[in-house]
1. Whether any residue in the stretch 139-154 is part of a helix (DSSP H, G or I), farther than 26 Å from Leu218 by Cβ, open to solvent by 50 Å² or more (accessible area, probe 1.4 Å) and modelled with pLDDT of 95 or more is what I want to check.
2. Could you tell me whether Ala180 is over 21 Å from the mean Cα position of the chain (by Cα), open to solvent by 60 Å² or more (accessible area, probe 1.4 Å), farther than 30 Å from Glu127 by Cα and of a type in the set (A, V, I, L, M)?
3. Is it the case that Arg453 is open to solvent by 30 Å² or more (accessible area, probe 1.4 Å), among the basic types (Lys, Arg) and over 26 Å from Asp352 (Cβ atoms)?
4. Examine the stretch 511-522 for a residue that is at negative phi, crowded, with 17+ Cβ neighbours inside 10 Å and aromatic (Phe, Trp, Tyr), and state whether such a residue exists.
5. Looking at the stretch 303-314, can you tell me whether even one residue there is in a helix (DSSP H, G or I) and touching a strand residue (DSSP E or B) at 6+ places or on another chain (Cβ under 8 Å)?
6. All but one of (1) open to solvent by 50 Å² or more (accessible area, probe 1.4 Å); (2) under 19 Å from Ser318 (Cα atoms) hold for Tyr468; state the number of the condition that does not hold.
7. So, Lys355, is that one modelled with pLDDT under 95, open to solvent by less than 50 Å² (accessible area, probe 1.4 Å) and among the basic types (Lys, Arg) or not?
8. When you scan the stretch 32-129 for helices (runs of 4 or more DSSP H) that lie fully inside it, which ones turn up with 3 or more residues that are in contact with a Ser or Thr (Cβ under 9 Å, 6 or more places away or on another chain) and at pLDDT 95 or above?
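The values are calculated or read from the model by the stated rules, or taken from the named source; none is laboratory data. The structure displayed is predicted, hence computed values, not measured ones. No Cβ is skipped: glycine too gets one built from the backbone with ideal geometry, and neighbour counts run over all protein chains shown. Keep in mind that these areas ignore ligands, DNA and RNA; they rest on the heavy atoms of the full protein, side chains included. Shrake-Rupley method; radii C 1.70, N 1.55, O 1.52, S 1.80 Å.
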Amino acid sequence: LFGVPELSCPEGFQEAQDKALQESEELVQKACSTPPGPETVRIFDQLSDSLCRVADLADFVKIAHPDFAFREAAEEACRTIGTVVEKLNTDVELCQSLRRLLADETVMSSLDPETRRVAELFMFDFEISGIHLDEEKRKKAVNLNVRILDLCNEFLTGTHVPNKIDKYVLPEHIRYNFTAEGNCLQVAGLHADCPDDLVREAAYKIFLYPNAEQLSRLEELLASRNSLAQLVGYDTFAHRALQGTMAKNPETVRQFLEKLSEQLSKRTQKDFEMMTKMKMKLNPQHSKLMPWDHPYYSGVLRAERYNIDPGLYCPFFSLGACMEGLNSLFSQLLGISLYAEQTQRGEVWSEDVRKLAVVHETEGLLGYIYCDFFQRPDKPHQDCHFTVRGGRLRENGEYQLPVVVLMLSLPPSTRSAPTLLSPGMMENLFHEMGHAMHSMLGRTRYQHVTGTRCATDFAEVPSILMEYFANDYRVVNQFARHYKTGQPLPKNMVSRLCESKKVCAAADMQLQVFYAALDQIYHGKHPLKKSTTEILKETQEKVYGLPYVPNT
(Lines give C-alpha, C1' and ligand atoms only; values in the text may rest on other atoms or scores of the structure.)
Protein backbone atom coordinates (compact mmCIF):
# COMPACT_ATOMS: atom_id res chain seq x y z
CA LEU A 1 0.00 0.00 0.00
CA PHE A 2 1.47 3.40 -1.08
CA GLY A 3 4.66 1.45 -1.83
CA VAL A 4 5.32 0.90 1.91
CA PRO A 5 6.90 -2.59 2.10
CA GLU A 6 5.27 -3.55 5.45
CA LEU A 7 1.74 -2.77 4.30
CA SER A 8 0.94 -5.76 2.12
CA CYS A 9 -1.67 -6.87 4.72
CA PRO A 10 -3.47 -5.27 7.70
CA GLU A 11 -1.05 -6.87 10.19
CA GLY A 12 1.70 -4.84 8.52
CA PHE A 13 0.51 -1.73 10.38
CA GLN A 14 1.76 -3.27 13.61
CA GLU A 15 5.15 -3.87 11.98
CA ALA A 16 5.36 -0.34 10.49
CA GLN A 17 4.31 1.12 13.83
CA ASP A 18 6.87 -0.92 15.83
CA LYS A 19 9.60 0.11 13.41
CA ALA A 20 8.64 3.80 13.76
CA LEU A 21 8.55 3.54 17.56
CA GLN A 22 11.97 1.90 17.69
CA GLU A 23 13.40 4.54 15.37
CA SER A 24 11.83 7.29 17.50
CA GLU A 25 13.40 5.87 20.69
CA GLU A 26 16.85 5.96 19.08
CA LEU A 27 16.27 9.52 17.87
CA VAL A 28 15.12 10.70 21.31
CA GLN A 29 18.37 9.38 22.82
CA LYS A 30 20.34 11.00 20.03
CA ALA A 31 18.58 14.36 20.56
CA CYS A 32 19.29 14.27 24.29
CA SER A 33 23.01 13.59 23.80
CA THR A 34 23.69 16.00 20.90
CA PRO A 35 25.28 19.39 21.74
CA PRO A 36 23.10 22.42 20.81
CA GLY A 37 23.26 23.23 17.09
CA PRO A 38 21.39 22.84 13.77
CA GLU A 39 21.77 19.06 14.21
CA THR A 40 19.31 19.24 17.17
CA VAL A 41 16.57 20.64 14.91
CA ARG A 42 17.33 18.06 12.22
CA ILE A 43 16.97 15.20 14.73
CA PHE A 44 13.69 16.63 16.04
CA ASP A 45 12.36 16.85 12.49
CA GLN A 46 13.48 13.30 11.73
CA LEU A 47 11.70 12.16 14.90
CA SER A 48 8.54 13.96 13.83
CA ASP A 49 8.83 12.46 10.33
CA SER A 50 9.29 8.87 11.51
CA LEU A 51 6.05 9.07 13.54
CA CYS A 52 4.06 11.13 11.01
CA ARG A 53 4.89 8.79 8.15
CA VAL A 54 2.89 6.05 9.90
CA ALA A 55 0.26 8.24 11.62
CA ASP A 56 -0.64 10.33 8.54
CA LEU A 57 -0.94 7.26 6.33
CA ALA A 58 -3.06 5.51 8.99
CA ASP A 59 -5.24 8.62 9.32
CA PHE A 60 -6.25 8.22 5.70
CA VAL A 61 -6.54 4.42 5.67
CA LYS A 62 -8.78 4.31 8.75
CA ILE A 63 -11.53 6.22 6.98
CA ALA A 64 -11.13 5.35 3.31
CA HIS A 65 -9.92 1.75 2.94
CA PRO A 66 -12.66 -0.59 1.68
CA ASP A 67 -11.32 -3.48 3.82
CA PHE A 68 -12.53 -3.35 7.44
CA ALA A 69 -9.42 -5.16 8.73
CA PHE A 70 -7.19 -2.46 7.20
CA ARG A 71 -9.37 0.30 8.66
CA GLU A 72 -9.25 -1.29 12.11
CA ALA A 73 -5.47 -1.83 12.04
CA ALA A 74 -4.97 1.78 10.91
CA GLU A 75 -7.24 3.07 13.68
CA GLU A 76 -5.15 1.16 16.24
CA ALA A 77 -1.88 2.54 14.79
CA CYS A 78 -3.28 6.10 14.95
CA ARG A 79 -4.14 5.65 18.59
CA THR A 80 -0.77 4.13 19.55
CA ILE A 81 1.30 6.73 17.71
CA GLY A 82 -0.97 9.56 18.91
CA THR A 83 -0.33 8.45 22.50
CA VAL A 84 3.44 8.33 21.93
CA VAL A 85 3.41 11.83 20.40
CA GLU A 86 1.55 13.20 23.43
CA LYS A 87 4.09 11.53 25.76
CA LEU A 88 7.02 12.96 23.79
CA ASN A 89 5.41 16.42 23.95
CA THR A 90 5.71 16.19 27.75
CA ASP A 91 9.16 14.51 27.85
CA VAL A 92 11.26 16.83 30.04
CA GLU A 93 14.66 15.53 28.98
CA LEU A 94 13.79 15.83 25.28
CA CYS A 95 12.53 19.37 25.86
CA GLN A 96 15.75 20.27 27.74
CA SER A 97 17.83 19.47 24.65
CA LEU A 98 15.76 21.97 22.65
CA ARG A 99 15.81 24.53 25.50
CA ARG A 100 19.61 24.39 25.58
CA LEU A 101 19.63 25.27 21.88
CA LEU A 102 17.11 28.12 22.20
CA ALA A 103 18.98 29.56 25.20
CA ASP A 104 22.35 29.58 23.40
CA GLU A 105 22.35 33.00 21.72
CA THR A 106 25.57 32.45 19.80
CA VAL A 107 24.33 29.21 18.22
CA MET A 108 20.83 30.64 17.61
CA SER A 109 22.19 33.68 15.78
CA SER A 110 24.24 31.36 13.54
CA LEU A 111 21.13 29.38 12.42
CA ASP A 112 19.31 30.23 9.20
CA PRO A 113 15.77 31.68 9.66
CA GLU A 114 14.01 28.42 8.64
CA THR A 115 15.91 26.32 11.20
CA ARG A 116 15.31 28.92 13.90
CA ARG A 117 11.58 29.07 13.14
CA VAL A 118 11.24 25.26 13.22
CA ALA A 119 13.08 25.10 16.56
CA GLU A 120 10.61 27.65 17.98
CA LEU A 121 7.64 25.71 16.60
CA PHE A 122 8.82 22.49 18.25
CA MET A 123 9.15 24.43 21.52
CA PHE A 124 5.62 25.76 21.04
CA ASP A 125 4.35 22.14 20.81
CA PHE A 126 5.99 21.38 24.16
CA GLU A 127 4.45 24.45 25.76
CA ILE A 128 0.87 23.85 24.66
CA SER A 129 1.20 20.27 25.90
CA GLY A 130 2.11 21.37 29.44
CA ILE A 131 5.87 20.73 29.60
CA HIS A 132 6.15 23.34 32.42
CA LEU A 133 3.88 21.33 34.77
CA ASP A 134 4.90 18.88 37.48
CA GLU A 135 5.00 15.18 36.65
CA GLU A 136 1.52 14.35 37.89
CA LYS A 137 -0.06 17.18 35.86
CA ARG A 138 1.95 16.24 32.77
CA LYS A 139 0.56 12.70 33.02
CA LYS A 140 -2.92 14.16 33.38
CA ALA A 141 -2.35 16.26 30.22
CA VAL A 142 -1.28 13.14 28.26
CA ASN A 143 -4.36 11.23 29.43
CA LEU A 144 -6.66 14.11 28.54
CA ASN A 145 -5.12 14.35 25.07
CA VAL A 146 -5.59 10.64 24.44
CA ARG A 147 -9.19 10.79 25.71
CA ILE A 148 -9.85 13.74 23.40
CA LEU A 149 -8.53 11.79 20.38
CA ASP A 150 -10.88 8.91 21.22
CA LEU A 151 -13.88 11.16 21.81
CA CYS A 152 -13.24 12.97 18.50
CA ASN A 153 -13.22 9.67 16.63
CA GLU A 154 -16.37 8.42 18.37
CA PHE A 155 -18.18 11.72 17.84
CA LEU A 156 -17.25 11.95 14.14
CA THR A 157 -18.26 8.33 13.55
CA GLY A 158 -21.56 9.05 15.31
CA THR A 159 -22.35 11.98 12.99
CA HIS A 160 -22.53 9.59 9.99
CA VAL A 161 -24.79 6.98 11.61
CA PRO A 162 -28.21 6.80 9.91
CA ASN A 163 -31.36 7.17 12.04
CA LYS A 164 -34.13 4.58 11.75
CA ILE A 165 -37.84 5.30 11.94
CA ASP A 166 -40.99 3.18 11.70
CA LYS A 167 -42.01 3.52 8.05
CA TYR A 168 -45.69 4.03 8.94
CA VAL A 169 -44.83 7.35 10.58
CA LEU A 170 -44.10 8.84 7.15
CA PRO A 171 -46.71 9.45 4.43
CA GLU A 172 -46.63 6.67 1.87
CA HIS A 173 -45.79 8.86 -1.11
CA ILE A 174 -42.38 9.93 0.28
CA ARG A 175 -41.18 6.59 1.72
CA TYR A 176 -39.38 5.56 -1.46
CA ASN A 177 -36.82 8.35 -0.86
CA PHE A 178 -35.33 6.44 2.06
CA THR A 179 -33.74 2.99 2.33
CA ALA A 180 -36.20 0.40 3.66
CA GLU A 181 -35.15 -2.17 6.23
CA GLY A 182 -38.06 -4.40 7.22
CA ASN A 183 -40.69 -2.10 8.71
CA CYS A 184 -38.14 0.67 9.23
CA LEU A 185 -36.77 3.40 7.02
CA GLN A 186 -33.15 4.52 7.24
CA VAL A 187 -32.42 8.22 7.00
CA ALA A 188 -28.73 8.64 6.29
CA GLY A 189 -28.50 12.33 5.43
CA LEU A 190 -30.37 15.61 4.92
CA HIS A 191 -31.55 15.06 1.31
CA ALA A 192 -30.86 18.78 0.85
CA ASP A 193 -31.32 18.70 -2.94
CA CYS A 194 -34.68 16.92 -2.97
CA PRO A 195 -37.39 19.06 -4.61
CA ASP A 196 -40.07 17.71 -2.23
CA ASP A 197 -40.31 20.01 0.84
CA LEU A 198 -41.76 17.20 2.91
CA VAL A 199 -38.84 14.85 2.17
CA ARG A 200 -36.33 17.53 3.20
CA GLU A 201 -38.32 18.32 6.34
CA ALA A 202 -38.60 14.65 7.32
CA ALA A 203 -34.90 14.00 6.62
CA TYR A 204 -33.87 17.08 8.65
CA LYS A 205 -36.01 16.17 11.66
CA ILE A 206 -35.16 12.45 11.65
CA PHE A 207 -31.45 12.61 10.77
CA LEU A 208 -30.80 15.38 13.31
CA TYR A 209 -32.99 13.87 16.04
CA PRO A 210 -31.16 14.11 19.40
CA ASN A 211 -29.05 11.10 20.30
CA ALA A 212 -28.21 10.87 24.00
CA GLU A 213 -24.86 9.12 23.37
CA GLN A 214 -23.75 11.74 20.85
CA LEU A 215 -24.77 14.59 23.15
CA SER A 216 -22.85 13.17 26.09
CA ARG A 217 -19.79 12.58 23.85
CA LEU A 218 -19.95 16.19 22.71
CA GLU A 219 -20.28 17.47 26.28
CA GLU A 220 -17.39 15.31 27.49
CA LEU A 221 -15.27 16.34 24.49
CA LEU A 222 -15.82 20.06 25.11
CA ALA A 223 -15.24 19.70 28.86
CA SER A 224 -12.03 17.66 28.27
CA ARG A 225 -10.71 20.21 25.79
CA ASN A 226 -11.42 22.97 28.29
CA SER A 227 -9.71 21.06 31.14
CA LEU A 228 -6.65 20.46 28.97
CA ALA A 229 -6.42 24.12 27.93
CA GLN A 230 -6.72 25.34 31.53
CA LEU A 231 -4.29 22.72 32.79
CA VAL A 232 -1.59 23.96 30.40
CA GLY A 233 -2.27 27.62 31.17
CA TYR A 234 -4.87 28.97 28.74
CA ASP A 235 -8.20 30.62 29.63
CA THR A 236 -10.13 28.51 27.13
CA PHE A 237 -9.52 25.88 24.45
CA ALA A 238 -10.13 28.58 21.82
CA HIS A 239 -7.14 30.54 23.16
CA ARG A 240 -4.95 27.45 22.87
CA ALA A 241 -6.18 26.47 19.41
CA LEU A 242 -5.84 29.97 17.95
CA GLN A 243 -2.34 30.74 19.19
CA GLY A 244 -0.02 30.33 16.23
CA THR A 245 -2.72 31.12 13.64
CA MET A 246 -3.12 34.34 11.65
CA ALA A 247 -6.12 35.28 13.82
CA LYS A 248 -4.02 34.82 17.01
CA ASN A 249 -6.85 34.91 19.61
CA PRO A 250 -10.63 34.49 20.16
CA GLU A 251 -11.13 38.24 20.56
CA THR A 252 -9.94 38.90 16.97
CA VAL A 253 -12.19 36.11 15.72
CA ARG A 254 -15.20 37.47 17.61
CA GLN A 255 -14.67 40.99 16.23
CA PHE A 256 -14.20 39.63 12.71
CA LEU A 257 -17.40 37.55 12.88
CA GLU A 258 -19.39 40.45 14.34
CA LYS A 259 -18.20 42.89 11.67
CA LEU A 260 -18.86 40.37 8.94
CA SER A 261 -22.33 39.62 10.31
CA GLU A 262 -23.15 43.34 10.46
CA GLN A 263 -22.11 43.83 6.83
CA LEU A 264 -24.07 40.77 5.74
CA SER A 265 -27.27 41.29 7.67
CA LYS A 266 -29.27 43.41 5.17
CA ARG A 267 -28.09 41.32 2.24
CA THR A 268 -28.91 38.09 4.09
CA GLN A 269 -32.44 39.35 4.86
CA LYS A 270 -32.90 40.10 1.14
CA ASP A 271 -31.71 36.58 0.26
CA PHE A 272 -34.13 35.01 2.76
CA GLU A 273 -36.99 37.14 1.34
CA MET A 274 -36.20 35.95 -2.21
CA MET A 275 -36.12 32.31 -1.04
CA THR A 276 -39.41 32.76 0.83
CA LYS A 277 -41.09 34.17 -2.31
CA MET A 278 -39.82 31.23 -4.32
CA LYS A 279 -41.13 28.80 -1.69
CA MET A 280 -44.58 30.49 -1.70
CA LYS A 281 -44.68 30.23 -5.46
CA LEU A 282 -43.83 26.51 -5.48
CA ASN A 283 -45.53 25.48 -2.26
CA PRO A 284 -48.21 27.99 -1.18
CA GLN A 285 -49.42 26.09 1.91
CA HIS A 286 -45.96 26.11 3.59
CA SER A 287 -44.56 29.57 3.03
CA LYS A 288 -42.31 29.95 6.09
CA LEU A 289 -38.62 29.53 5.27
CA MET A 290 -37.01 26.76 7.34
CA PRO A 291 -33.40 25.58 7.71
CA TRP A 292 -34.00 22.63 5.35
CA ASP A 293 -35.08 25.10 2.65
CA HIS A 294 -31.97 27.27 2.42
CA PRO A 295 -29.65 24.97 0.39
CA TYR A 296 -32.50 23.88 -1.89
CA TYR A 297 -34.15 27.22 -2.68
CA SER A 298 -30.88 29.08 -3.12
CA GLY A 299 -30.08 26.46 -5.78
CA VAL A 300 -33.52 26.90 -7.39
CA LEU A 301 -33.05 30.68 -7.51
CA ARG A 302 -29.64 30.31 -9.10
CA ALA A 303 -30.92 27.85 -11.65
CA GLU A 304 -34.01 29.90 -12.50
CA ARG A 305 -32.46 33.35 -12.60
CA TYR A 306 -29.47 32.32 -14.70
CA ASN A 307 -30.87 29.17 -16.28
CA ILE A 308 -28.01 27.09 -14.97
CA ASP A 309 -29.50 23.65 -14.79
CA PRO A 310 -26.47 21.47 -13.92
CA GLY A 311 -27.66 19.08 -16.65
CA LEU A 312 -26.78 21.73 -19.26
CA TYR A 313 -23.24 22.09 -17.91
CA CYS A 314 -22.24 18.53 -17.04
CA PRO A 315 -21.60 17.41 -20.65
CA PHE A 316 -18.92 20.14 -20.93
CA PHE A 317 -17.17 19.09 -17.70
CA SER A 318 -16.06 15.52 -18.27
CA LEU A 319 -13.45 14.46 -15.73
CA GLY A 320 -10.90 14.14 -18.56
CA ALA A 321 -11.55 17.70 -19.74
CA CYS A 322 -11.29 19.08 -16.18
CA MET A 323 -7.99 17.28 -15.55
CA GLU A 324 -6.67 18.60 -18.88
CA GLY A 325 -7.76 22.07 -17.74
CA LEU A 326 -5.86 21.76 -14.46
CA ASN A 327 -2.81 20.42 -16.28
CA SER A 328 -2.80 23.33 -18.71
CA LEU A 329 -3.39 25.88 -15.90
CA PHE A 330 -0.54 24.48 -13.78
CA SER A 331 1.70 24.39 -16.81
CA GLN A 332 1.04 28.07 -17.61
CA LEU A 333 1.17 29.36 -14.04
CA LEU A 334 3.74 27.12 -12.41
CA GLY A 335 5.66 25.27 -15.13
CA ILE A 336 4.22 21.99 -13.82
CA SER A 337 2.75 18.99 -15.62
CA LEU A 338 0.76 16.04 -14.29
CA TYR A 339 1.59 12.57 -15.63
CA ALA A 340 -0.39 9.36 -15.05
CA GLU A 341 1.88 6.83 -13.40
CA GLN A 342 1.56 3.02 -13.50
CA THR A 343 0.88 1.60 -10.00
CA GLN A 344 2.30 -1.66 -8.61
CA ARG A 345 0.07 -4.51 -7.43
CA GLY A 346 -1.36 -3.72 -3.97
CA GLU A 347 -0.20 -0.08 -4.08
CA VAL A 348 -3.75 1.32 -4.28
CA TRP A 349 -6.78 0.43 -2.15
CA SER A 350 -9.32 0.44 -4.98
CA GLU A 351 -8.79 -0.31 -8.66
CA ASP A 352 -10.20 3.05 -9.80
CA VAL A 353 -7.56 5.07 -7.87
CA ARG A 354 -5.14 6.87 -10.22
CA LYS A 355 -1.60 7.96 -9.38
CA LEU A 356 -0.22 11.22 -10.80
CA ALA A 357 3.41 12.30 -10.89
CA VAL A 358 3.85 16.06 -10.51
CA VAL A 359 6.79 17.22 -12.63
CA HIS A 360 8.36 20.69 -12.79
CA GLU A 361 9.96 21.85 -16.05
CA THR A 362 13.36 22.58 -14.47
CA GLU A 363 13.27 20.94 -11.00
CA GLY A 364 11.94 17.56 -12.11
CA LEU A 365 9.70 15.28 -10.03
CA LEU A 366 8.05 17.13 -7.11
CA GLY A 367 5.86 14.37 -5.65
CA TYR A 368 2.83 12.14 -6.14
CA ILE A 369 -0.94 12.64 -5.97
CA TYR A 370 -3.21 9.61 -5.60
CA CYS A 371 -6.67 10.46 -6.98
CA ASP A 372 -9.45 8.57 -5.21
CA PHE A 373 -12.27 10.23 -7.10
CA PHE A 374 -15.21 7.83 -7.33
CA GLN A 375 -18.10 6.86 -5.09
CA ARG A 376 -18.02 3.40 -3.53
CA PRO A 377 -19.98 1.74 -0.71
CA ASP A 378 -18.78 2.77 2.79
CA LYS A 379 -16.65 5.59 1.43
CA PRO A 380 -17.26 8.83 3.37
CA HIS A 381 -19.02 11.52 1.34
CA GLN A 382 -16.48 14.21 1.92
CA ASP A 383 -14.10 15.90 -0.45
CA CYS A 384 -10.70 16.17 1.19
CA HIS A 385 -6.94 16.25 0.87
CA PHE A 386 -4.68 14.01 2.96
CA THR A 387 -0.95 14.30 3.43
CA VAL A 388 0.38 10.74 3.43
CA ARG A 389 4.03 11.73 3.56
CA GLY A 390 5.55 15.17 4.00
CA GLY A 391 8.47 16.44 1.97
CA ARG A 392 11.86 17.10 3.60
CA LEU A 393 15.57 17.13 2.86
CA ARG A 394 16.96 13.76 3.92
CA GLU A 395 20.24 13.22 5.74
CA ASN A 396 21.82 11.87 2.49
CA GLY A 397 21.03 15.09 0.61
CA GLU A 398 18.12 13.61 -1.38
CA TYR A 399 14.66 15.15 -1.13
CA GLN A 400 11.90 12.97 0.38
CA LEU A 401 9.03 13.51 -2.07
CA PRO A 402 5.62 14.44 -0.69
CA VAL A 403 2.73 12.02 -1.24
CA VAL A 404 -0.91 13.11 -0.95
CA VAL A 405 -4.38 11.71 -1.60
CA LEU A 406 -7.28 13.68 -3.06
CA MET A 407 -10.63 12.16 -2.19
CA LEU A 408 -13.86 13.12 -4.01
CA SER A 409 -17.22 11.37 -4.54
CA LEU A 410 -17.73 11.58 -8.28
CA PRO A 411 -20.22 9.41 -10.19
CA PRO A 412 -18.51 6.62 -12.19
CA SER A 413 -18.52 6.66 -16.00
CA THR A 414 -21.22 4.72 -17.85
CA ARG A 415 -21.20 2.79 -21.12
CA SER A 416 -22.44 5.81 -22.99
CA ALA A 417 -20.69 8.67 -21.18
CA PRO A 418 -17.52 9.46 -19.24
CA THR A 419 -17.69 10.79 -15.66
CA LEU A 420 -19.42 14.17 -15.93
CA LEU A 421 -19.02 16.82 -13.22
CA SER A 422 -21.60 19.38 -12.16
CA PRO A 423 -20.22 22.95 -11.85
CA GLY A 424 -20.07 22.43 -8.05
CA MET A 425 -18.06 19.22 -8.41
CA MET A 426 -15.71 20.94 -10.85
CA GLU A 427 -15.12 23.75 -8.35
CA ASN A 428 -14.45 21.19 -5.59
CA LEU A 429 -11.94 19.40 -7.79
CA PHE A 430 -10.09 22.70 -8.33
CA HIS A 431 -10.25 23.46 -4.59
CA GLU A 432 -8.77 20.11 -3.56
CA MET A 433 -6.15 20.37 -6.31
CA GLY A 434 -5.13 23.70 -4.71
CA HIS A 435 -4.33 21.81 -1.50
CA ALA A 436 -2.39 19.20 -3.48
CA MET A 437 -0.29 21.86 -5.22
CA HIS A 438 0.35 23.53 -1.85
CA SER A 439 1.72 20.17 -0.66
CA MET A 440 3.88 19.77 -3.77
CA LEU A 441 5.22 23.34 -3.93
CA GLY A 442 5.63 23.99 -0.21
CA ARG A 443 9.07 22.40 -0.41
CA THR A 444 10.88 22.97 2.87
CA ARG A 445 14.00 21.51 4.42
CA TYR A 446 11.92 20.28 7.38
CA GLN A 447 8.78 18.15 7.11
CA HIS A 448 7.38 19.80 10.27
CA VAL A 449 6.46 22.87 8.16
CA THR A 450 6.07 21.31 4.72
CA GLY A 451 3.12 21.94 2.37
CA THR A 452 -0.18 22.37 4.20
CA ARG A 453 1.49 22.04 7.66
CA CYS A 454 1.10 25.73 8.28
CA ALA A 455 -1.21 28.01 10.27
CA THR A 456 -4.63 26.36 9.96
CA ASP A 457 -6.31 29.55 8.76
CA PHE A 458 -3.68 29.97 6.04
CA ALA A 459 -4.09 26.39 4.82
CA GLU A 460 -7.25 27.28 2.85
CA VAL A 461 -5.68 30.16 0.91
CA PRO A 462 -4.23 28.21 -2.05
CA SER A 463 -7.38 26.09 -2.37
CA ILE A 464 -9.77 29.08 -2.29
CA LEU A 465 -7.54 30.82 -4.83
CA MET A 466 -8.06 27.84 -7.16
CA GLU A 467 -11.85 28.32 -6.92
CA TYR A 468 -11.39 31.77 -8.48
CA PHE A 469 -9.63 30.17 -11.45
CA ALA A 470 -12.53 27.70 -11.75
CA ASN A 471 -14.91 30.68 -12.05
CA ASP A 472 -13.02 32.67 -14.66
CA TYR A 473 -13.97 32.51 -18.33
CA ARG A 474 -10.32 32.76 -19.44
CA VAL A 475 -9.59 29.52 -17.62
CA VAL A 476 -12.84 27.61 -18.17
CA ASN A 477 -12.81 28.46 -21.87
CA GLN A 478 -9.54 26.56 -22.26
CA PHE A 479 -10.90 23.19 -21.20
CA ALA A 480 -14.73 23.01 -21.09
CA ARG A 481 -15.63 20.94 -24.18
CA HIS A 482 -18.75 18.91 -24.91
CA TYR A 483 -17.76 15.25 -24.51
CA LYS A 484 -19.64 14.22 -27.68
CA THR A 485 -19.16 17.12 -30.07
CA GLY A 486 -16.00 18.78 -28.72
CA GLN A 487 -17.78 22.15 -28.90
CA PRO A 488 -16.51 24.70 -26.30
CA LEU A 489 -18.81 25.92 -23.50
CA PRO A 490 -20.45 29.11 -24.86
CA LYS A 491 -19.20 32.31 -23.24
CA ASN A 492 -22.67 33.38 -22.08
CA MET A 493 -23.05 30.05 -20.23
CA VAL A 494 -19.78 30.67 -18.40
CA SER A 495 -20.81 34.25 -17.50
CA ARG A 496 -24.20 33.01 -16.26
CA LEU A 497 -22.49 30.41 -14.11
CA CYS A 498 -20.10 33.00 -12.62
CA GLU A 499 -22.91 35.50 -12.01
CA SER A 500 -25.10 32.83 -10.42
CA LYS A 501 -22.45 32.35 -7.70
CA LYS A 502 -23.50 35.74 -6.31
CA VAL A 503 -27.11 34.64 -5.79
CA CYS A 504 -27.78 34.05 -2.08
CA ALA A 505 -24.05 34.38 -1.40
CA ALA A 506 -24.79 36.48 1.70
CA ALA A 507 -27.13 33.88 3.22
CA ASP A 508 -24.61 31.13 2.43
CA MET A 509 -21.86 33.08 4.16
CA GLN A 510 -24.15 33.91 7.09
CA LEU A 511 -24.60 30.17 7.63
CA GLN A 512 -20.81 29.80 7.85
CA VAL A 513 -20.66 32.71 10.31
CA PHE A 514 -23.23 30.87 12.45
CA TYR A 515 -21.13 27.67 12.44
CA ALA A 516 -18.01 29.65 13.35
CA ALA A 517 -19.77 31.57 16.15
CA LEU A 518 -21.18 28.34 17.59
CA ASP A 519 -17.71 26.77 17.52
CA GLN A 520 -16.26 29.78 19.37
CA ILE A 521 -18.92 29.58 22.12
CA TYR A 522 -18.56 25.81 22.56
CA HIS A 523 -14.78 26.21 22.97
CA GLY A 524 -15.01 29.44 24.96
CA LYS A 525 -15.64 29.96 28.67
CA HIS A 526 -16.67 26.87 30.65
CA PRO A 527 -18.78 25.61 32.32
CA LEU A 528 -21.18 26.42 29.47
CA LYS A 529 -24.20 28.37 30.70
CA LYS A 530 -26.67 26.04 28.96
CA SER A 531 -26.77 22.67 27.18
CA THR A 532 -25.05 22.45 23.77
CA THR A 533 -28.50 22.23 22.11
CA GLU A 534 -29.84 25.33 23.91
CA ILE A 535 -26.72 27.23 22.86
CA LEU A 536 -27.30 26.03 19.28
CA LYS A 537 -30.92 27.30 19.38
CA GLU A 538 -29.91 30.68 20.79
CA THR A 539 -26.97 31.19 18.39
CA GLN A 540 -28.97 30.01 15.37
CA GLU A 541 -31.76 32.49 16.02
CA LYS A 542 -29.38 35.34 16.80
CA VAL A 543 -26.67 34.81 14.17
CA TYR A 544 -28.28 32.83 11.34
CA GLY A 545 -31.86 34.06 11.39
CA LEU A 546 -33.79 30.91 10.37
CA PRO A 547 -35.81 29.38 13.22
CA TYR A 548 -34.41 26.56 15.33
CA VAL A 549 -36.35 23.30 14.85
CA PRO A 550 -37.32 21.67 18.17
CA ASN A 551 -35.83 18.22 18.82
CA THR A 552 -32.86 18.65 16.51
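1. No, there is no match, as no residue in the stretch 139-154 is part of a helix (DSSP H, G or I), farther than 26 Å from Leu218 by Cβ, open to solvent by 50 Å² or more (accessible area, probe 1.4 Å) and modelled with pLDDT of 95 or more.
2. yes
3. Against the criterion (open to solvent by 30 Å² or more (accessible area, probe 1.4 Å), among the basic types (Lys, Arg) and over 26 Å from Asp352 (Cβ atoms)), Arg453 qualifies.
4. yes
5. Of all residues in the stretch 303-314, those in a helix (DSSP H, G or I) come to 303-306, 310-314.
If we keep only those that are touching a strand residue (DSSP E or B) at 6+ places or on another chain (Cβ under 8 Å) too, we end up with 314.
The answer is yes; a qualifying residue exists.
6. Tallying (1) open to solvent by 50 Å² or more (accessible area, probe 1.4 Å); (2) under 19 Å from Ser318 (Cα atoms), Tyr468 fails exactly one: (2).
7. The answer is no for Lys355.
8. Helices (runs of 4 or more DSSP H) meeting the threshold: 38-64, 68-88, 92-103, 113-128.
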